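Notes to accompany the following structure.
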Amino acid sequence: MSSMGRWSALSLVFGLTLGTVGCGPKAVRGEEVEGLDDQAMSTGLDRRDLQKLLQENMKALQSAPVLKRWEGEQLPAVAVLPLRNETTEHVESALDALISDIETTLVNAGHVRVISMEQQPKLISEIRQQYAGAFDPSQIATWGKQIGARYIVTGKVFTSDERQDGERRVQYFMFIQVLEVETGQILFQHKSAVTKAII
Amino acid sequence: MPGVRRLPLGSHWAGVAVLTLAIGACAGHEGRTKEVRSALDAGNPRAALKLLNEELDVTSEKQLPENTGGDNAILLLDRAMVLQQLQIYKLSSRDLEVSDKQIEMLDFSRNTADDIGKYLFSDDVGPYKAPPYEKLMINTMNMVNYLVQGDLQGARVEARRLAVMQKYLKDNDPDNALTAPGSYLAGFAFEKSGQYDEALRYYDEALAYGQYQSLSEPVRRLSARSGYSTARLRKLIGVPDGQAMPAAPPAASPQAEPAELLVIVSFGRVPAKIARRIPIGLALTYASGALSPGDQNRAAYLGAQGLVTWVNFPELGRPRGTYDTPWFRLDGKQLRLEGIVAVDREAARAWDDSKGTVVASAITRMIARVAVGEGVRQAAGEGLAGALLSLGTQATLTATDTPDTRSWSTLPARMAFARVMLPPGTRTVQLGARGARTEKKVTLKPGGFAVVNLTVLE
């Protein structure tokens, strides 16, 4: 190699190393960058995951026998309680966002009267404390009676989380349940799943 | 003058030198955090927090830096521990969670440019790869944050994250699957959540590390309510194989149900990594077994020629506060704290395991530098200018070789726990270590629990 060529090669090596120092970040809107909302940023739950998890469950609910029951009951009162986080990710706020989505779906379907939990801050606080501590499922019926709901929609999210050399996979399972407050009976239950990974 | 005539060629090298210095301009991690550690040693965590905010280029601990990756992830770990010492648990949790994700991404990252940089310049050009004990302590220290806030859901998330990492390490690096404090706290979180089988499983893991007497009473209590049993759990509570577990005592009235107090004292600091220069002969001894015979011969040759006498590499400093004895008083009465883990020993062990490879890497870089210098000399000619350019290049490359001193240096050196079952009511808890103390009034509800923490990083 000529001396000039050697220097050029060495300069390239230094340049490559410097290449690790990238340009600064900039703020963008979702619609400005094609596919921005499609890209997974972490193994947490993003809007697309939540929509997928919810849509599958709500679709199953639309064809479940409990819907026929509601149709025969003249707009029974339903409350949506927070979903329990039993995962390996701190996705509580993402799950809270689902409450309004479930309420919207139920209201628009027109089979039930939805009691908004936003009007019950004290109860919501008590429910969160229960979720944080030793959760007692029989409490759900008590809460339902407290707010005058005949049915409760709630759920929980679990994960199966595994790691290997250079890879991590998190499989989320969301269970949505409809419970009758009076009896505590589960009238509907459905599971949906999404997988997130770093590979 | 030859130098003037060769200006067009020299201009390449001027560019190279500028580029090289641009990389080398960053001080090593030790340099970046030295004042932080000094502030902690002086018992001034507020000053340490301010310094860390400056280093992260933010004006308040409420802010996250623009870039949470790279070496900022380690600074966030440091800030999380200072925030824990200042009992700002929510922000400490946030910093630990952000770092946890970033450390994981760094762990998975592979980059050719980084490898070239590490080969020519310095180990700390590449992404930080946290040793196993640091990864496990992220979730452990965050469990402390959540438990102090009474947030069992958050603690359980951290416990599950810890379990994923523990499983990975058990499968790949069983000698470094430090489980004691994390498993102990995970057991506590699941016990208080009413998930007794899970709790016993975690307690069993903690007992694999040490015979913690503070677990005897909880294991006895839970074993009466759960079918989960192992030889270790039975041994701890003195129930031989084949013999039935003790029956649960008659339940107290709901209003009189005893509550539990857990106290956690984290004190001292793990040894920080510091930059050292060691003679080539000693470096070759450290690196024996980790260096190829070819590189070993080349290094020995260069040493014998007097071309290389010193090698830059990181060394472990001294831990802080390991001889201290923390104390715990409940309503004025002195009670015993049980030592749970010596994190400083885990740090020393992890360093001993990797030392040979790190020194070997430093020697390889040194050989590469001499080779680059020789290339410059040949290209520039045999005259004085060539020799000077060669020496200048080597000197520049040597200056940029900052030993990789990155580590989570604000981890406590030691952790000690105590557990007490108490009738419901208000209690005064006093904790002390390293000359610092805290006093808390806690109200224990029937069947409830409280966690009081003292973190002192002096």
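Proximity of backbone amide H atoms, modeled 1.01 Å from N, is registered between A:GLN177 and A:THR154, A:GLY155 at under 5 Å, excluding neighbours fewer than 5 places apart on the same chain. For the stretch A:109-199, GluC sites (Glu not before Pro) are listed when DSSP marks them as loop and at most 12 other Cβ atoms sit within 10 Å of their Cβ; the list is A:GLU182. Check the straight Cα-Cα distances from B:LYS445 and name the lysines below 24 Å, setting aside those fewer than 8 residues away within the same chain. Hits, sequence-local ones excluded: A:LYS122, B:LYS90, B:LYS192, B:LYS333. Taking label positions 7 Å along the Cα-Cβ direction at both A:LEU187 and A:THR142, the computed distance is 2.3 nm, reported to one decimal. With R₀ fixed at 25 Å, the C-beta to C-beta distance from B:ARG46 to B:GLU66 puts the FRET efficiency at about 0.55.
Relative contact order for the stretch B:233-352: 30 percent, from Cα pairs under 8 Å spaced at least 6 residues apart, divided by residue count.
Look at A:LEU36, B:LEU337 and count the other Cβ atoms within 10 Å of each Cβ; fewest to most, that gives A:LEU36, B:LEU337.
Principal-axis analysis of the Cα atoms of chain A puts helix A:121-132 at an angle of about 60° to the longest axis.
Per residue, what volume in Å³ does the Cα convex hull of the stretch B:214-340 take up?
Enclosed volume per residue, from the Cα hull, is 211 Å³.
Most tightly packed first, judged by the mean number of other beta-carbon atoms within 10 Å of their residues, the peptides B:270-281, B:340-351 read B:340-351, B:270-281. The label point for B:THR285 and the one for A:GLU32, both projected 7 Å from the Cα toward the Cβ, are 6.0 nm apart. Given the pairs B:LYS101/B:LYS440; A:LYS52/A:LYS156; B:LYS167/B:LYS355; B:LYS50/B:LYS135, which are separated by over 22 angstrom at their Cα positions? Beyond 22 Å between Cα atoms: B:LYS101/B:LYS440; B:LYS167/B:LYS355; B:LYS50/B:LYS135.
Under 1.5 on a/c is rounded, so check that first for the stretch A:80-199, then, if it is not, pick prolate when a/b is larger than b/c and oblate when it is not; a ≥ b ≥ c are the square roots of the alpha carbon gyration tensor eigenvalues. In terms of gyration-tensor shape, prolate.
Residues in the stretch B:225-240 carry Karplus couplings, in order, of 10, 9, x, 6, 8, 9, 4, 5, 5, 5, 4, 4, 9, x, 10, x Hz; the curve used is 6.51 cos²θ - 1.76 cosθ + 1.60 with θ = phi - 60°, and Gly or Pro positions show x. Legend: ranking of residues A:THR88, B:THR322 from fewest to most surrounding C-beta atoms inside 10 Å; resulting order B:THR322, A:THR88.
Report the residues of the stretch A:47-91 in range of a label on A:ARG113: point 7 Å along Cα→C-beta, backbone N strictly under 16 Å from it. Within reach of a label on A:ARG113, which here means backbone N under 16 Å from a point 7 Å along Cα→Cβ, the stretch A:47-91 contributes A:70-80.
With 10 Å bins beginning at zero, the pair-distance distribution over Cα atoms of the stretch A:41-80 amounts to 24, 38, 24, 12, 3 %.
By the gyration tensor of its Cα atoms, with a ≥ b ≥ c the square roots of the eigenvalues, what is the shape of the stretch B:142-209: rounded for a/c under 1.5, prolate for a/b over b/c, or oblate? Prolate shape, in that a/c is at least 1.5 and a/b is the bigger ratio. Exposure proxy ranking for B:ARG419, B:ARG161, B:ARG437, based on other Cβ atoms within 10 angstrom of each Cβ and starting from the fewest, stands as B:ARG437, B:ARG419, B:ARG161.
FYI, it's all coordinate maths here, none of it is from the lab. Computed from a predicted structure; not experimentally measured. For neighbour counting, all protein chains shown are included, and Cβ atoms are generated from backbone atoms with ideal geometry for every residue, glycine included.
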